[in-house]
Amino acid sequence: MDKHIKGLHHITSMAADARENNAFFTKTLGLRHVKKTVNFDDPGTYHLYYCDEIGTPGSVMTYFPFGMMPKGKRGAGEVGVTEFAVPKGALPYWKDRLSMLDVGGLREDTFLGEARLEFDGPDGDGFALVESDPAGRAPWTGSDVPEGTGILGFHGARFRLRDAASTGELLGFMGYQKDETAGNVTRYRIEGGNAADTIDLEEIPGGASAYQGAGSVHHIAFAVEDRAAQLEVRKALLDTGYQVTPVIDRDYFWAIYFRTPGGILFEIATNEPGFDRDEDTAHLGQALQLPERYRAYRERIEKQLQPIEG
Ligand code: ZN
């Protein structure tokens, strides 16, 4: 599968309250809500997408808000920190903004020379803003975040694992190269990918297992250009002994999933067809979009979903 993986595509997490989730990503973080649809396996639950103007692969944070779901417990065997890139020099602005808006867990740090600001999401989600000036990225300009400071998609993600070796081996198989180590964290980076090109493996031997709930990452998706590349990746994974799902149509991309040795669910998603396939760029995310098989039940589905705007 060499050279097919292009960095991250999207990260999907779970939330409790849909309205609170929408407000946090669109108002507090200033991302664009580009798609409002439902969980294709559970149409009574939203699937909400927050990202740049068009949903560029590597910028797409998505959520399943499950309502009364209890909070997850952070630990080993999960994506511990979802990292967003911001321009160099932007962290002081963000530190002021997030503390003014009562965002919890603010903690400044540096890792491999990059300044980071960690913070908690509404359900205790682990996030960080990392100063990195990624090439070819533009922030969403429709929020009140000043343009020179806006979020530029994902920087990468940090996994927490009891034993990082097998996941490191898998990343190598996917085309990532082992980079530097600092303390108990080793960086992996992919060449020739999009700007969301790092995965950091934090090893916590003997650490308690994570327990999934609101605020937990459900799965992390890696980008491939098209369906042909996806089939090659699928075959390579199957040949190596991974249990991989068939290709599933997610309307805005095609997906395959497999569970990794460290416990994290990986997805491989295509860059095609993208989020403008059922609404134009100017109106992305405004109306509820349903996959073909649920369109006949629109009225019933809309009744089950609480309004999230306002
Ligand atoms: Zn996904």
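As an equivalent ellipsoid, segment 17-116 spans semi-axes of 25, 17, 15 angstrom, where each value is the square root of five times an eigenvalue of the C-alpha gyration tensor, largest first. Net charge in the neighbourhood of residue 165 (other residues with Cβ under 12 Å of its Cβ; Lys, Arg +1, Asp, Glu -1) is -1.
Could you compute the FRET efficiency for residue 301 and residue 73, with r as their C-beta to C-beta distance and R0 at 35 Å, rounded to 0.05? Mind showing how you got there, number by number?
Values: r = 31 Å, r/R0 = 0.90.
E(calc), rounded to 0.05, equals 0.65.
Taking every DSSP beta bridge that has both ends in the chain, the antiparallel portion is near 65%.
Average accessible surface for the chain: 42 Å² per residue, computed with a 1.4 Å probe over protein heavy atoms with every protein chain in place. If you take the Cα centroid of segment 1-16 and the Cα centroid of segment 284-310, the two points sit 25 Å apart. If you run the Gaussian network model on the chain, springs between alpha carbon atoms under 10 Å, then out of 111, 154, 66 the most flexible one is 111. Taking amide H atoms as placed 1.01 Å from N in the peptide plane, the amide H of residue 73 lies under 5 Å from those of 211, 212, 213, each 5 or more residues away in sequence or on another chain.
Set the Förster distance to 25 Å, then compute FRET efficiency between residue 162 and residue 259 from the Cβ-Cβ distance, nearest 0.05. Don't skip to the end; give the middle numbers.
Details: r = 15 Å, r/R0 = 0.62.
FRET efficiency, residue 162 to residue 259: 0.95.
Using 0.36 nm per residue and subtracting the Cα-Cα separation, the extra length available between residue 292 and residue 180 on full extension is 35.7 nm. Between 165, 15, 90, the GNM of the chain built on Cα springs shorter than 10 angstrom shows 165 fluctuating the most.
Could you give the size of the charge dipole of the chain about its Cα centre, using +1 on the Cβ of each K and R and -1 on the Cβ of each D and E, expressed in debye and rounded to the nearest 20?
Details: 33 positive and 47 negative charges, 119 e Å.
Dipole about the Cα centre, nearest 20: 580 debye.
Spatially, segment 213-251 and segment 87-125 are offset by 31 Å when compared through their Cα centroids.
For residue 169 and residue 102 in one chain, what is 0.36 nm times their gap in residues minus the Cα-Cα distance, to one decimal in nm? List each step's numbers first, then the result.
Working: separation 67, 0.36 × 67 = 24.12 nm, distance 3.98 nm.
Taking 0.36 nm per residue and subtracting the Cα distance, the gain is 20.1 nm.
Computed over the Cα atoms of segment 151-310, what is the convex hull's projected area averaged over all directions, in nm²? So the mean shadow area of the Cα hull is 12.4 nm².
For residue 282 and residue 39, the difference between the fully extended length at 0.36 nm per residue and the C-alpha to C-alpha distance is 85.1 nm.
Probe radius 1.4 Å, ligands and nucleic acids ignored: give me the carbon and sulfur share of the accessible area of segment 8-304 as a rounded percent.
Numbers: 6030 of 12260 Å².
Taking all protein chains in place, segment 8-304 shows 49 percent carbon and sulfur surface.
The ratio of the alpha-carbon radius of gyration of segment 8-304 to the globular-protein estimate 2.2 N^0.38 Å is 0.95.
The values are calculated or read from the model by the stated rules, or taken from the named source; none is laboratory data. From a predicted model like this one, the values you see are computed outputs, not experimental measurements. Because the Cβ atoms are built from the backbone with ideal geometry, glycine has one as well, and the counts that use them run over all protein chains shown. Heads up: the accessible areas ignore ligands, DNA and RNA and are worked out on the full protein's heavy atoms, side chains in. Shrake-Rupley method; radii C 1.70, N 1.55, O 1.52, S 1.80 Å.
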